[in-house]
Each structure stands twice: as structure tokens, then as C-alpha cells.
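J.: I am attaching a structure below and will ask some questions about it afterwards.
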Amino acid sequence: MSPALADVHPEDTQLEENEERTMIDPTSKEDPKFKELVKVLLDWINDVLVEERIIVKQLEEDLYDGQVLQKLLEKLAGCKLNVAEVTQSEIGQKQKLQTVLEAVHDLLRPRGWALRWSVDSIHGKNLVAILHLLVSLAMHFRAPIRLPEHVTVQVVVVRKREGLLHSSHISEELTTTTEMMMGRFERDAFDTLFDHAPDKLSVVKKFADGVYLVLLMGLLEDYFVPLHHFYLTPESFDQKVHNVSFAFELMLDGGLKKPKAHPEDVVNLDLKSTLRVLYNLFTKYKNVE
């Protein structure tokens, strides 16, 4: 027995001869950047699936059977997978996972990405494999999130040989740089602009009371917004939040995705939150005559 196995859960040591199991070193799980990565991905999944009334609380426990992954992929890709809706048996779960992962692979293979997961690793609740899968999906679909850069974890590999358990440590890189993961355009659209020219972005503060956002939606969608639906000259914080919230409702009615920002962020002059709202408008209406 290796001393490194002291922190391994007893269930993880019940291996067959020559069988191998991997797990994240407990120290890595406490790393702030790792925790941030998990939280960002959790929030993203829940945002995507909000209309499905699905709430994911723990990645390895909620994604291993393929049910949530199926809904996530269908929502992101706008497709419908031919799988059973509910599967209780292990065989049924793995069959669903196989179908879902094959669909994922069809999307990712043309880009030449390494696929660092499998049916067995996902169903076995291997958090590293699940994170690799989610990061790849976020990259492919250009998720409106900021993945923390250079997240690396130490992974304990446990293998049984001649009746004895042997362990080794390897480093797994989960994320690289924003430019490499999300593409140059996404970086230019938000971060470079924000980092290098904040003094030129004071114009977005004009949207902080929500009035311009409401009127802009009326112009873009070609309708008149009755004045009794919002405060044309808001005086209080709550009135401004009401205006921005109402503008977000108009965006949803117009077919836009739910804004990542909270209305309070816009009212509080959070530049990056406001930029993301404006960028979502730009991407939808840029080709409108």
C-alpha cells in the first residue's frame, strides 16, 4: 500500500486485478481556481437548462447517467436525440451515454480535439473526465462564460497488481488560456476592450437606468413600448432595476437568451455586465436592415 492512498475512499480500493481507477487529489479540490471552474460550469448548465426545470447541484452525481447531458446537448445543439427519457438500469444508462457521447464526438471530431472521456469514465463519476467534456462543450458552443485559465489538478491513479494497490500522481490540465479556449473574437469582444480602454466605455453607463435598453428593444423589434410599463425618469434604485428587468423580459420575448447579468449589475454600473447585454443585442440584430 502506498502512503498516498491514505486519503482514498474505501470504495475506490475495491478493484479487480489490473483494474485502474483515478481520482482528484483532495488538495487539488480545494484549489480556488478549481472551485471556480466547477462553479462556472454548474452555473452555465443551470442557465442553459432553466426552461427544463433542471437544477444541477453536483457534477459527478447529476451527470453520470446521461440524462442531464442529453438535455444539455439537445438545448445547445438544437437537436433531439433518439434515446429513452428515463433509464434506471446501468445498461440503459450506459446506452444513453453512448448515444449522447457519440453525438458530442460528431461535433468535436472535425475540430481535431482530443476526447479525454469515455462512457465508462463518465458513468463511473470520474470528475476529471466530466470536466474535460464540459469544458470542450463550452468551447465548441462559445458559452457566454469566463472559464478560469490554467486550471491543473493532481490526479491519483490507483492500480491493482498481484493483489496489491499501487498509486501514482499525474497532472491533468483542464483549461488553458481564454484565447485558446474561446477564440480570439470572444477575447476581443469583451476582455481586451474592457482591459485596455475602460475610459472609453463610460457610454455604457447611460444604460444603467434601463430607459435606453427598453427604448432600444422597441426600436429593434419595431414596436412602441407603452410608457406606463416602465419609468421614463426613474429616481430610485428599485425603479431602475424594474426598467432593466423589463428590458430583459423584452429581450426574452424577442428570442434572445436570458442575459447572463443581473439587473442589479447593470444598475450598479458594472461595465462588463452591461457590455455582455449589449453584445447579445449586437449579435442578434447586426444583420437586420
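The values are calculated or read from the model by the stated rules, or taken from the named source; none is laboratory data. Remember, predicted model here, so these are calculated numbers, not experimental data. All Cβ positions, even for glycine, are placed from backbone atoms using ideal geometry, and neighbour counts span all protein chains on display. Note: areas computed on protein heavy atoms with side chains; ligands, DNA, RNA excluded. Shrake-Rupley method; radii C 1.70, N 1.55, O 1.52, S 1.80 Å.
J.: Could you count how many residues in the stretch 117-169 are of a type in the set (S, T, N, Q), assigned to a loop (DSSP other than H, G, I, E, B) and more than 14 Å from Met23 (Cα to Cα)?
T.: Of the residues in that region, 1 qualify.
J.: Could you tell me whether the stretch 106-116 includes any residue that is surrounded by 16 or more Cβ atoms within 10 Å (Cβ to Cβ) and not in a loop (DSSP other than H, G, I, E, B)?
T.: For the stretch 106-116, residues surrounded by 16 or more Cβ atoms within 10 Å (Cβ to Cβ) and not in a loop (DSSP other than H, G, I, E, B): present.
J.: Hey, can you tell me all the residues within the stretch 142-177 that are hydrophobic (A, V, I, L, M, F, W, C), open to solvent by 50 Å² or more (accessible area, probe 1.4 Å) and out of contact with any strand residue (DSSP E or B) (no Cβ under 7 Å at 6 or more places or on another chain)?
T.: Leu164, the sole residue that qualifies.
J.: Using the structure shown, decide if Val100 is more than 20 Å from Asp25 (Cβ to Cβ), open to solvent by 10 Å² or more (accessible area, probe 1.4 Å), modelled with pLDDT of 90 or more and in the same structural domain as Glu36 (by the TED database).
T.: no
J.: Going through Gln88, Gln70 one at a time, which residue ends up being free of Cβ contacts under 8 Å to residues at least 60 places away in the same chain and open to solvent by 50 Å² or more (accessible area, probe 1.4 Å)?
T.: Gln88
Quick grid of which residues meet (1) at negative phi; (2) within 14 Å of the chain's Cα centre (by Cα):
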| site | (1), (2) |
| --- | --- |
| Leu15 | yes, no |
| Pro26 | yes, no |
| Leu37 | yes, yes |
| Trp44 | yes, yes |
| Ile54 | yes, no |
| Gly66 | no, no |
| Gly78 | no, no |
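J.: Output the residues belonging to the stretch 222-259 that are within 26 Å of Val48 (Cα to Cα), open to solvent by less than 80 Å² (accessible area, probe 1.4 Å) and either of a type in the set (S, T, N, Q) or at pLDDT below 90 (or both).
T.: If the condition is that a residue be within 26 Å of Val48 (Cα to Cα), open to solvent by less than 80 Å² (accessible area, probe 1.4 Å) and either of a type in the set (S, T, N, Q) or at pLDDT below 90 (or both), then Asn243, Ser245, Gly254, Gly255, Leu256, Pro259 are the ones that fit.
J.: Kindly indicate the residue of the stretch 27-75 that is of a type in the set (Phe, Trp, Tyr) and part of a helix (DSSP H, G or I) and also farthest from Arg142 (Cα to Cα) among those meeting that condition. Please lay out each step first, then the result.
T.: We begin by selecting, within the stretch 27-75, every residue of a type in the set (Phe, Trp, Tyr); these are 34, 44, 64.
Subsequent filtering for residues that are part of a helix (DSSP H, G or I) retains 34, 44.
Numbers: Phe34: 20, Trp44: 11 Å.
My answer is Phe34.
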